[in-house]
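Report on the structure given below.
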Amino acid sequence: MIKNFLVISLFTFFLILGCGENKQNPENQTSNTESGNKKGDLENFAENMKNLSESFNEGKKVTPVDFRELKALLPENIANLKRTNASGEKSSAMGINISKAEADYNDEQGNKSIDVEITDLGSVSGLTAFAAYGWYMADIDKETENGYEKTFLYKGNKAFEKYNNSSQNGEISVLVAKRFIVELNGNNVTMNELKAALDMIDVGKLESMKDIGVEK
């Protein structure tokens, strides 16, 4: 489902670290350390994280949509699969804020399942799409004996699908309005069933939320 929040932080950390190393001159490292006038590494990291996240949104700050609004978009049932769990949360760290809602759907026999997650990437939408969703930056069309993976457009939004014919496991991810990620993972289901589940998510409603919380 949604790539771990830590992935975002780590990617950004190494990006900032690399830039810092290029700018520093070995000859002045000692004097910088001895001066004691600069902020500590952790404080600098937090400030850089905040500045970098804002840079991907043209300097604008973004407050994520309340996860309860995202949770309301999760259907009670998907075909013959019943929702067995639904939850939501907001995560905040080092100037980065995201919110998400997720639900699990299963049949009575426990043979089929589909997990759905909707995430508002908030102020790091550009960074996250690049770091954790590489497919957004590429066109993919790959096929093997066991399955396939490819990118496509879903209602005008870049999307990615992957399916394993042997295990009948698949996944779909859609980046909506360059801010929201809708992800579905299915076990023992067909890709048509996964796409039917995706159609039950009100993507238009998500797109209408794209400017909510954006600092003018």
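Within the stretch 177-216, can you find the residues that are outside any loop (DSSP other than H, G, I, E, B) and without any contact (Cβ under 8 Å) to a residue 60 or more places away in the chain?
Of everything in the stretch 177-216, those that are outside any loop (DSSP other than H, G, I, E, B) and without any contact (Cβ under 8 Å) to a residue 60 or more places away in the chain turn out to be MET191, ASN192, LYS195, LEU198, ASP199, VAL203, GLY204, GLU207, SER208.
Tally time: how many residues in the stretch 199-216 are surrounded by fewer than 22 Cβ atoms within 10 Å (Cβ to Cβ) and either touching a helix residue (DSSP H, G or I) at 6+ places or on another chain (Cβ under 8 Å) or hydrophobic (A, V, I, L, M, F, W, C) (or both)?
Residues that pass the stated criteria total 7.
Give me a count of the residues in the stretch 147-176 that are of a type outside the set (Asp, Glu), over 25 Å from PRO64 (Cα atoms) and not in a loop (DSSP other than H, G, I, E, B).
10
From the list LYS158, LYS150, which residue is surrounded by 14 or more Cβ atoms within 10 Å (Cβ to Cβ) and out of contact with any Leu (no Cβ under 8 Å at 6 or more places or on another chain)?
Step by step, each of LYS158, LYS150 is checked, and only LYS150 is surrounded by 14 or more Cβ atoms within 10 Å (Cβ to Cβ) and out of contact with any Leu (no Cβ under 8 Å at 6 or more places or on another chain).
Kindly provide the set of residues from the stretch 101-112 that are in a strand (DSSP E or B) and open to solvent by 40 Å² or more (accessible area, probe 1.4 Å), ordered by number.
Across the stretch 101-112, the qualifying residues are GLU102, ASP104, ASN106.
What is the number of the single condition among (1) touching a helix residue (DSSP H, G or I) at 6+ places or on another chain (Cβ under 7 Å); (2) buried (at least 19 other Cβ atoms within 10 Å of the Cβ) that MET137 does not meet?
(2)
Tell me whether the stretch 120-133 contains one or more residues that are loosely packed, with under 14 Cβ neighbours inside 10 Å, outside any loop (DSSP other than H, G, I, E, B), of a type in the set (Gly, Ala, Ser) and modelled with pLDDT under 95.
no
Tell me which residues, restricted to the stretch 78-99, are at pLDDT 95 or above and of a type in the set (Lys, Arg).
Correct list: LYS82, ARG83.
Does ILE181 qualify as being among the β-branched types (Val, Ile, Thr), over 17 Å from ASP104 (Cβ atoms), at pLDDT below 95 and open to solvent by 70 Å² or more (accessible area, probe 1.4 Å)?
So ILE181 does not fit the description; no.
Looking for something touching an Asp or Glu at 6+ places or on another chain (Cβ under 6 Å) and closer than 25 Å to ILE96 by Cα - is there at least one such residue anywhere in the stretch 180-188?
Yes; the residues of the stretch 180-188 include at least one that is touching an Asp or Glu at 6+ places or on another chain (Cβ under 6 Å) and closer than 25 Å to ILE96 by Cα.
Hey, could you check the stretch 69-94 for residues that are small (Gly, Ala, Ser) and outside any strand (DSSP E or B) and say which is surrounded by the most Cβ atoms within 10 Å (Cβ to Cβ)?
ALA79
The values are calculated or read from the model by the stated rules, or taken from the named source; none is laboratory data. Only a predicted model underlies this, so the values are computations on that prediction, with no experimental measurement involved. Neighbour counts run over all protein chains shown; Cβ positions are idealised from the backbone, glycine included. Note: accessible area is taken over every heavy atom of the protein model, side chains too, but ligands, DNA and RNA are not part of it. Shrake-Rupley method; radii C 1.70, N 1.55, O 1.52, S 1.80 Å.
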